[in-house]
Amino acid sequence: MLSVRDIQTHYGASQALFGLSLEVGAQEVVTLMGRNGMGKTTTVHSILGITPVTSGEIEFEGRRIEALASFRIGQAGIGLVPEGRQVFPNLTVRENLIATAANRAGSPTPWDLDSVLDMFPALVERLSSMGNLLSGGEQQMLAIGRALMTNPKLLILDEATEGLAPLVRRDIWACLGRLKSAGQAILVIDKNVEDLARIADRHYVIEKGQVVWSGTSRELRARQDVLMEKLGV
């Protein structure tokens, strides 16, 4: 579904990614892990055209997308739950959700307001609340729901549970488990290795803008050296 091949990305004269490659297959859950500042968010921004690559190729469903505008990449079927949630502060929960609603792929059972609220019942009583009045956990639920309302073929979550209370993290992982069971392709960035290993099919570990290890959850659990040296856990 998604193939990132040997991309390099710069911020001005400073290079952030050095020949990074990864793949996400249909119905796969894949993680991108690494310490802070290693290039995880830059990778996401490069895939989405927010920070254009300077070389390499990005292909989505057989189509080259690295030269497309970011909104065109979103329309192609990639949904983003950004780091920091970035909900619209001056829109209500309902407005945040319906503002992005689309079913461009013509799914017979698309995500809509009712199905998102079924996934996140905590938002039901908050439908009329402004985005900036929600708790961090509610904002993250809203950000995921907003992305799902675009009915993405690939869902990307940048720092899925960062800064959230344990009970809210549990709800987010339960949500991702349900999405995986439904066949949703997901690329997720997070620091909770055990939760990631439980739901993901494959993992990439990034250091200084390069993939330094990749493998399955079983292989990751067996590599304590990788966990300690590259992830600090």
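Nothing in this text is a laboratory measurement; each read-out follows from the coordinates by a stated rule. Source: prediction; values computed, not measured. Glycine gets a Cβ as well: all are built from the backbone with ideal geometry, and neighbour counts include every protein chain shown.
Brief remarks follow.
- Relative contact order of region 84-151: 55 percent, from C-alpha pairs under 8 Å at least 6 residues apart in sequence.
- For the chain, share of DSSP beta bridges that run antiparallel, in % to the nearest 5: 60
- The chain: relative contact order in percent, alpha carbon pairs under 8 Å with at least 6 residues between: 28
- Comparing LEU134, LEU142, LEU167 in a Gaussian network model of the chain where C-alpha atoms under 10 Å apart are linked, the largest mean-square fluctuation is found at LEU167.
- Summary of the geometry: region 68-89 and region 180-223, compared by the centres of their Cα atoms, lie 22 Å apart.
- Exposure proxy ranking, count of Cβ atoms within 10 Å, fewest first, for ILE172, ILE98: ILE98, ILE172
- Rounded to the nearest 20, the size of the Cβ-charge dipole of the chain about its Cα centre is 80 debye, with Lys and Arg at +1 and Asp and Glu at -1.
- Long-range lysine pairs (8 or more apart or interchain), the chain, Cα under 26 Å: 11
- Of the residues SER107, SER129, THR150, the one whose Cα sits farthest toward the positive end of the charge dipole of region 84-151, with +1 on the Cβ of Lys and Arg and -1 on the Cβ of Asp and Glu, is THR150.
- Spin-label model distance (nm) - ARG218 vs GLU194, 7 Å beyond Cα toward Cβ: 2.1
- Relative exposure of PHE88, PHE120, judged by other C-beta atoms within 10 Å (fewest first): PHE88, PHE120
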